[in-house]
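Take a look at the structure below.
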Amino acid sequence: MALRSVETDGPGETESIGGELARTLRDGDVVLVRGELGAGKTTLVRGAARALGVTDPVTSPTFSIGHRYPGAGVTVSHLDLYRLAGLEQEEPELLADYFGPGRIAFVEWPQEQAAELAGARLHVTLSHRGGDRRRVEVEEPETLPPTGGAGR
Ligand code: ADP
Ligand code: MG
């Protein structure tokens, strides 16, 4: 069940949605952000990071799997796993630096399912709606059918 489904008309509005959902997050939370290239995943994370006190520019991780930004009393992790087939390809100790106590993590992920990230607190799905219009859907994964089950 979608917690929220809205359409935005530009990057500023998508950043605002990111800011609003960030204010509901707690230390240790993971947010999975899905959608096609250019759908606005990084834009939404930028707005969320701002709301969490990040003042550094939030940019797409290009030469590493992620960035960590100091925020207000929390480190904001931003990972882009777009080009990866699965998290198991990464060094576990490298990933551990992005998750856990003292951190709130946003993970850009292109696929419908990501078993490795089953513990995520929120799933955000962005989709193109023509021009600068995007749909932003926010779901709590507890309300979704279990991943990896029969018939999926
Ligand atoms: P992704 O991380 O999903 O690949 P980005 O956030 O990096 O996407 O890029 C989204 C691009 O689309 C940016 O250039 C942004 O300015 C543009 N854009 C236009 N309209 C919107 C909108 N409503 N929401 C988010 N981004 C938008
Ligand atoms: Mg991106």
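The values are calculated or read from the model by the stated rules, or taken from the named source; none is laboratory data. Keep in mind the model is a prediction, meaning the values are calculated, not measured. For neighbour counting, all protein chains shown are included, and Cβ atoms are generated from backbone atoms with ideal geometry for every residue, glycine included. Just so you know, the surface numbers come from the protein's heavy atoms only, side chains and all, with ligands and any DNA or RNA stripped out. Shrake-Rupley method; radii C 1.70, N 1.55, O 1.52, S 1.80 Å.
Six or more apart or on different chains, Cβ under 6 Å: which pairs go from a residue in segment 63-87 that's over 13 Å from Leu32 (Cβ atoms) to one that's part of a loop (DSSP other than H, G, I, E, B) and at pLDDT below 95? Could you list them?
Gly66/Tyr98; His67/Pro61
When you check Arg23 against the structure, is it open to solvent by less than 30 Å² (accessible area, probe 1.4 Å), basic (Lys, Arg) and in contact (Cβ under 8 Å) with a residue 12 or more places away in the chain, yes or no?
no
Tally the residues that are at pLDDT 95 or above and farther than 22 Å from Arg133 by Cβ, restricting the search to segment 1-22.
1
In the list Glu116, Glu112, which residue meets the criterion of being surrounded by 13 or more Cβ atoms within 10 Å (Cβ to Cβ) and modelled with pLDDT under 90?
Just a single option satisfies the conditions, and that option is Glu116.
With the requirement that a residue be touching a Lys or Arg at 6+ places or on another chain (Cβ under 6 Å) and closer than 11 Å to Leu126 by Cα, what does segment 17-38 give you?
Result: Val33, Gly35.
Could you check segment 31-47 and list, in sequence order, the residues that are surrounded by fewer than 22 Cβ atoms within 10 Å (Cβ to Cβ) and either of a type in the set (Asp, Glu) or under 12 Å from Val76 (Cβ atoms) (or both)?
Hit for segment 31-47 is Glu36, nothing else.
Name the pairs whose Cβ atoms lie under 7 Å apart, with the first residue in segment 126-152 and at negative phi, the second at pLDDT 55 or above and among the acidic types (Asp, Glu), and 6 or more positions between them or separate chains?
Filtered contacts from segment 126-152: His128/Glu36; Arg129/Glu7; Asp132/Asp9; Arg133/Glu7; Arg133/Asp9; Arg134/Glu7; Arg135/Glu7.
Taking only segment 50-62 into account, find how many residues are within 13 Å of ligand 2 (Cβ to nearest atom) and open to solvent by less than 60 Å² (accessible area, probe 1.4 Å).
Number satisfying all stated conditions: 3.
Matching residues to (1) at pLDDT below 80; (2) over 23 Å from Arg26 (Cα atoms):
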residue: Ser64; (1), (2): no, yes
residue: Ala72; (1), (2): no, no
residue: Arg83; (1), (2): yes, yes
residue: Glu88; (1), (2): yes, yes
residue: Phe106; (1), (2): no, no
residue: Ala120; (1), (2): no, no
residue: Gly130; (1), (2): no, yes
residue: Arg134; (1), (2): no, yes
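Where in segment 10-101 are the helices (runs of 4 or more DSSP H), entirely inside, with at least 2 residues that are near ligand 1 (Cβ under 9 Å from one of its atoms) and touching a helix residue (DSSP H, G or I) at 6+ places or on another chain (Cβ under 9 Å)?
11-22, 41-51
For residues that are touching a strand residue (DSSP E or B) at 6+ places or on another chain (Cβ under 6 Å), of a type outside the set (D, E, K, R) and surrounded by fewer than 22 Cβ atoms within 10 Å (Cβ to Cβ), tally how many sit in segment 1-20.
Residues in segment 1-20 being touching a strand residue (DSSP E or B) at 6+ places or on another chain (Cβ under 6 Å), of a type outside the set (D, E, K, R) and surrounded by fewer than 22 Cβ atoms within 10 Å (Cβ to Cβ): 5 in total.
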